[in-house]
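Structure, as structure tokens:
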């Protein structure tokens, strides 16, 4: 990917990084904040790193991509790496060194891969109303019906509870984390939040759903 090395980026000063930030992470930030050839070289290194990560993540998720493979899958990885790089540059000031720079950067590319694959899959084959993704609910939330009809009834009730009992934020977090298995770190990044806030929202959503299912007579696993 060609990125203009003269794009103005105001990187954080050394004092903005956490005292425990490792030397490699500091070198990444310094190079990406510098003008000229040093920054251009580090941009190329970072894009290559992101592309490898995007390809691994896309390959790992192939199970829910249907016929997507080969050049089509690689194109998604390329787009994810491109967009992740630009997002990292926009958010460079946010990096404080609490984790390794590469770990922080990986969150961006995983988020991009996740979003692009979801949109791509939706365009190719929108999920049906009875999509079996609902059967992937965590065991602690699911009832233990002895018959398939009871399972269908419980899932139908759950869909209704999502709309009637949860706030928009709770619904978004629950669907992303519990149904679509989006990582908490990526979800926090996408929603401009933090892990603790996401966990609290998810906990509250599950509590409401458990209460609604129990009120309807479903015995839940505790």
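Examine segment 60-74 for a residue that is at pLDDT 85 or above and either over 25 Å from residue 194 (Cα atoms) or touching a strand residue (DSSP E or B) at 6+ places or on another chain (Cβ under 8 Å) (or both), and state whether such a residue exists.
Keep residues of segment 60-74 that are at pLDDT 85 or above, which gives 74.
Going one step further and asking which of them are either over 25 Å from residue 194 (Cα atoms) or touching a strand residue (DSSP E or B) at 6+ places or on another chain (Cβ under 8 Å) (or both), we end up with 74.
Among the residues of segment 60-74, at least one is at pLDDT 85 or above and either over 25 Å from residue 194 (Cα atoms) or touching a strand residue (DSSP E or B) at 6+ places or on another chain (Cβ under 8 Å) (or both), which makes the answer yes.
Does residue 211 count as more than 30 Å from residue 87 (Cβ to Cβ) and either touching a strand residue (DSSP E or B) at 6+ places or on another chain (Cβ under 7 Å) or at pLDDT 85 or above (or both)? Show your work before the answer.
On the way: more than 30 Å from residue 87 (Cβ to Cβ): yes; either touching a strand residue (DSSP E or B) at 6+ places or on another chain (Cβ under 7 Å) or at pLDDT 85 or above (or both): yes.
Considered against the rule, which asks whether it is more than 30 Å from residue 87 (Cβ to Cβ) and either touching a strand residue (DSSP E or B) at 6+ places or on another chain (Cβ under 7 Å) or at pLDDT 85 or above (or both), residue 211 comes out as yes.
Would you call residue 130 modelled with pLDDT of 55 or more and surrounded by fewer than 20 Cβ atoms within 10 Å (Cβ to Cβ)?
Values: modelled with pLDDT of 55 or more: no; surrounded by fewer than 20 Cβ atoms within 10 Å (Cβ to Cβ): yes.
So residue 130 fails the test.
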Notebook entry, point to check: Quick check, is residue 38 part of a helix (DSSP H, G or I), in contact with a helix residue (DSSP H, G or I) (Cβ under 8 Å, 6 or more places away or on another chain) and surrounded by fewer than 18 Cβ atoms within 10 Å (Cβ to Cβ)?
Noted result: yes
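The values are calculated or read from the model by the stated rules, or taken from the named source; none is laboratory data. Only a predicted model underlies this, so the values are computations on that prediction, with no experimental measurement involved. Virtual Cβ from ideal backbone geometry, glycine too; neighbours counted across all protein chains shown.
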